[in-house]
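The values are calculated or read from the model by the stated rules, or taken from the named source; none is laboratory data. Note that this is a predicted model, so its numbers are computed, not measured. Note: ideal-geometry Cβ built from the backbone for every residue, glycine included; neighbour counts use all protein chains shown.
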Amino acid sequence: MYISELKLWNFRKYGSNESFDLNNPDLIVPFTKGLNVLIGENDSGKSAILDAIKLALKTHAYEWIKVENEDFYFNENRLRIEIEFKDLKDNEAKNFIEWLGWAKENGIDIPVLRLIYDVSKDKDGKVLPTDIKAGMDDIGYPLNAEARDYLKCTYLKALRDANSDLTSKKNSRLSQILQEHKLFKKGKNNEEHIFVEKFKKINEEIENWFKDDKATDDLSKSNKEEIKDKIDEFLKKFIDNKYESIFSLGKAEIKNILEKISLGIEKETNLGLGTMNRLYMSAELLHLKKENWDGLRLCMIEELEAHLHPQAQMKIIDALKEKEGEETIQYILTTHSPNIASKVSLKSLIICKDNKVFPMGEGKTKLDSKDYVYLERFLDVTKSNLFFAKGVIIVEGWSEEILIPAIARKIGYELTEKEVSIVNVASIAYLHFAKIFLREDKEEKMKIPVSIVTDLDNRPEKDGSFIAFDKLEGKAKTKYDNLKKQKEDYKSTNIKLELAEQWTLEWCLYNSANLSALFKESLKNVHPTIFKSSFDDFIPMLKKEKTTNLEKVKIATDLAEKIEKSTTLVIDEKDIHIKYLVDAIKHACSYEN
């Protein structure tokens with residue numbers, strides 16, 4: 001079984017000051033089998049989603065978890081968490097017979113388990129104790145302790161101190177993990193665990209060593225005389241003559257014994273944070289490997305990337321994806337890491353933004369199903385940062401990627417400060433991937449402003465004039481028709497396609513009223529022999545068959561440096577030749593909370 005859906009009312013940031021309506025949750029999060037990755041900027045609500053699940057299910061590590069005043073949405077006195085489970089196998093469903101319901105899926109009746117955690121505060125603002133319930137109506141029936149045990153999850157917190165948690169100490173995390181394992185449970189006849197038997201023998205040996213009153217050849221006095229008797233001398237004076245000290249390892253109980261155990265790596269010492277963190281995760285995931293377990297197998301990891309370098313992150317994701325094939329195991333992760341976002345399938349990604357969630361799988365966006373395969377192959381670390389941005393500018397070449405930040409600063413927009421990402425897709429064929437930001441459900445809207453910057457193969461005639469768009473032929477006409485259709489598709493959305501109407505970026509820069517002089521300087525720096533006679537020499541350099549001769553990246557780099565260093569340059573935002581770049585920048589920076 002797995003969590004198929006989470007619903008929240010007035011939990012943390014997910015709430016409203018409207019009347020409490022069970023038919024209108026403040027947040028609905030759909031989950032899939034296998035791997036689910038919640039991504040988004042800081043304070044986007046990722047942790048709240050994990051905490052809501054943790055509050056309702058509790059964890060294998062015996063953490064003390066309860067609803068606090070801070071868990072209620074602003075000034076509200078009631079919160080509610082509902083968790084729906086699907087795909088219950090017979091051996092799992094038998095644990096919840098009294099609480100199961102039925103739902104239709106693909107025309108077939110399937111068992112469904114729905115948990116309800118409805119918590120209120122009294123008139124003095126004190127959180128009232130509340131039972132976890134389950135059922136298909138609005139109230140449900142209390143779950144007994146045995147049923148709840150089958151729903152515990154494994155949870156790895158964000159700020160993991162792996163070294164401390166794996167070291168022997170009272171209530172250590174390692175001891176909590178091990179206590180839950182069947183190997184450390186009492187047998188059917190309540191017989192003593194073998195660990196207890198072994199511990200008693202060791203404890204007795206240690207106790208007797210301190211009580212040994214026989215002197216050795218090396219010492220004139222015995223162990224007892226050297227240590228115990230001296231302590232007892234003071235103890236009797238401090239308290240009473242009847243008191244006597246005893247040395248031991250503590251009570252011979254499983255909990256006490258496990259608290260004395262540490263976990264490390266064989267033949268390795270002084271392990272770094274990254275290695276210890278991976279060891280810690282391996283220990284926490286122990287519960288997912290339990291055999292003959294008829295309960296939930298859910299692991300939640302907050303900020304997987306903590307203390308891990310990018311390659312280690314990739315390695316762990318690959319390992320989790322291998323486990324994804326095991327239908328009984330579900331993972332819910334949060335991350336800020338583009339490395340992780342680039343490594344997982346789009347069906348696994350859920351963007352948290354504007355107090356909403358946006359699953360990115362097929363059927364959720366306007367991107368065609370056939371394009372998902374290509375987009376997933378196409379995404380890398382530098383491109384996947386678009387999922388974390390407040391605004392996106394999609395370009396089809398290095399020159400635009402280099403120049404746009406410099407132009408943006410000159411018109412008063414710092415893209416880093418605005419959290420705008422420039423994504424270089426390297427080809428016009430990939431520009432339509434912007435549809436990943438459009439929702440299949442028209443009621444859902446992602447507020448991320450996306451600008452697409454491209455140019456057109458509309459070359460100038462010998463006299464410098466341009467053929468009108470409706471008169472274009474061949475490849476130029478095909479390209480223009482495709483772009484025109486895309487522009488039409490993006491009407492009334494947050495995606496805007498900005499098209500250079502006159503040929504290429506370089507041609508627009510060459511003719512720009514503001515940037516022409518600087519562009520010519522950069523062009524001459526990179527190609528000293530150019531413009532020997534007239535500007536007409538420039539046109540052949542830009543023709544498609546000659547583009548390899550024009551080192552565009554070097555020119556763009558030189559020009560960007562000149563733009564940034566210039567103290568006199570003023571960019572007129574109405575400059576017709578670069579207006580499409582200016583408009584793209586302004587739109588991508590138009591995000592509003």
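Tabulated values for the structure
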item	result
Pairs with Cβ under 7 Å, 6+ apart, first in the stretch 386-397 and over 7 Å from VAL423 (Cα atoms), second part of a helix (DSSP H, G or I) and of a type in the set (Asp, Glu)	none
Residue under evaluation ALA341, criteria (1) part of a helix (DSSP H, G or I); (2) out of contact with any Ser or Thr (no Cβ under 6 Å at 6 or more places or on another chain); (3) hydrophobic (A, V, I, L, M, F, W, C), criterion not met	(2)
One residue from LEU38, LEU8 being assigned by TED's automatic domain parsing to the domain that holds ASN75, touching a helix residue (DSSP H, G or I) at 6+ places or on another chain (Cβ under 7 Å), closer than 19 Å to LYS86 by Cβ and surrounded by 22 or more Cβ atoms within 10 Å (Cβ to Cβ)	LEU8
Residue list for the stretch 93-127, filter: crowded, with 20+ Cβ neighbours inside 10 Å and under 29 Å from the mean Cα position of the chain (by Cα)	VAL112, LEU113, ARG114, LEU115, ILE116, TYR117, VAL119
Residue ranges of helices (runs of 4 or more DSSP H) in the stretch 173-280 with at least 1 members outside the structural domain of GLN313 (by TED's automatic domain parsing) and under 45 Å from the mean Cα position of the chain (by Cα)	173-179, 194-211, 254-258
ALA408, sole failed condition from (1) modelled with pLDDT under 90; (2) assigned to a helix (DSSP H, G or I); (3) closer than 25 Å to LYS552 by Cα	(1)
Lone unmet requirement of (1) surrounded by 13 or more Cβ atoms within 10 Å (Cβ to Cβ); (2) modelled with pLDDT under 85 for GLU207	(2)
Top-ranked residue of the stretch 129-170 - restricted to ones that are among the basic types (Lys, Arg) and in contact with a Phe, Trp or Tyr (Cβ under 7 Å, 6 or more places away or on another chain), ranked as farthest from ALA61 (Cα to Cα)	LYS133
Filter result (surrounded by 17 or more Cβ atoms within 10 Å (Cβ to Cβ), of a type in the set (S, T, N, Q) and over 12 Å from PHE433 (Cβ atoms)) within the stretch 347-378	SER348
The stretch 151-183: number of residues that are free of Cβ contacts under 8 Å to residues at least 60 places away in the same chain and of a type in the set (A, V, I, L, M)	1
